[in-house]
1. What are the aspartates and glutamates whose alpha-carbon lies under 13 Å from the alpha-carbon of residue B:21, with same-chain residues fewer than 8 places away excluded?
2. Return the subset of A:39/A:119; A:119/B:40; A:137/B:51; A:123/B:40 for which the Cα-Cα distance in this structure is over 29 Å, preserving the input order.
3. Tell me, what ³J(HN,Hα) does each residue in the range A:105-119 have, in order and in whole Hz, if you take phi through Karplus 6.51 cos²θ - 1.76 cosθ + 1.60 with θ = phi - 60° and put x for Gly and Pro?
4. Taking only Cα atoms and a 10 Å spring cutoff, compute GNM fluctuations for chain B and point out the largest among B:46, B:58, B:33.
5. Ordered by packing density, taken as the mean number of other Cβ atoms within 10 Å over each peptide's residues, highest first, how do B:85-91, A:67-73 rank?
6. Between the range B:34-94 and the range A:51-90, what's the alpha-carbon centroid distance in Å?
7. Can you pull the mean other chain C-beta count within 10 Å for peptide B:60-73?
8. Could you work out, residue by residue across B:33-45, how many beta carbons of other chains sit within 10 Å of that residue's beta carbon, and then give the average as an integer?
Amino acid sequence: MPLNVLVLHCKNCLVTYLCLRSLMVVKHASRDLSIFIEKLLVLLRDGRKLLGLLRSFDQFANVILEGACERVIVGDLYCDIPLGLYVIRGENVVLIGELDLEKEELPSRMNPVSEAEIKRAQKAEREATDLKGSMRKRMEFLDFD
Amino acid sequence: MQLFFSYFKDLVGREVTVELKNDLAIRGTLHSVDQYLNIKLENTRVVDQDKYPHMLSVRNCFIRGSVVRYVQLPPEGVDIELLHDATRREARGG
């Protein structure tokens, strides 16, 4: 039985239906199946970087990531915070990148740190930029660039 | 919009630089483009590598059309005569 007929038959069972439909997506949209096996990097509009396995997508670039984690980078420190299964609305997606397994994911100068440490570093960085912003505001009357 | 779509389709296989609205600039070979002007690039490299370390190992990528600010084209990819014709045809209504 062709796959699309089978999908119609299974419409009353949601789980089977979804499984088969995602199979159809794989069959039609992707000649290159590797994007479902490899880890992907998804860049969001707010600058967040999510890593995970692609499980499904559609024409709006809505994306489902399995085993997703957020990679927080502050200076030379980084941390992968595990998140689980993520459904990302397409409008927030900037870019979806395939990672090259042969290459290092990050430059060798970067050091992995714990979640608590990266949160602290993130906070410090945010306070520093806030301070810079308020200083600039106070000095605005000097009219420099 | 059709005009830009077909124009970008002609550019497939060429080296372009895509600048995004978040100032990230990516250079790569144009692999494909669709009606929303979503872009797929191959053999990508980020122009300012040091500022975006997380992009180091990204080889191929999909860019959502709505976040693109500029696409820098190769000079030999611009055929002015052809574009003139196409725009006139568009203005006349197809």
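Readers should treat all values here as calculations from the given coordinates under stated rules, not as data from a laboratory. Every value quoted in this text rests on a predicted model; they were computed, and no experiment measured them. When we count neighbours, we look across all protein chains shown, and the Cβ atoms used for this are built from the backbone with ideal geometry, even at glycine.
1. Within the straight-line limit of under 13 Å, residue B:21 reaches these aspartates and glutamates: A:46.
2. Values: A:39/A:119 24 Å; A:119/B:40 34 Å; A:137/B:51 26 Å; A:123/B:40 35 Å.
Going by Cα-Cα distance, A:119/B:40; A:123/B:40 fall outside the 29 Å limit.
3. Going residue by residue, I get 6, 9, x, 5, 6, 7, 10, x, 10, 6, 4, 4, 5, 5, 4 Hz, with x marking Gly and Pro.
4. Looking only at B:46, B:58, B:33, the largest GNM fluctuation is found for B:58.
5. Values: B:85-91: 11.0, A:67-73: 17.6.
Taking the mean over residues of other Cβ atoms within 10 Å, the ranking is A:67-73, B:85-91.
6. 25
7. Counting other chains' Cβ atoms within 10 Å and averaging over B:60-73 gives 4.
8. Per residue, the number of nearby Cβ atoms from other chains is 1 on average.
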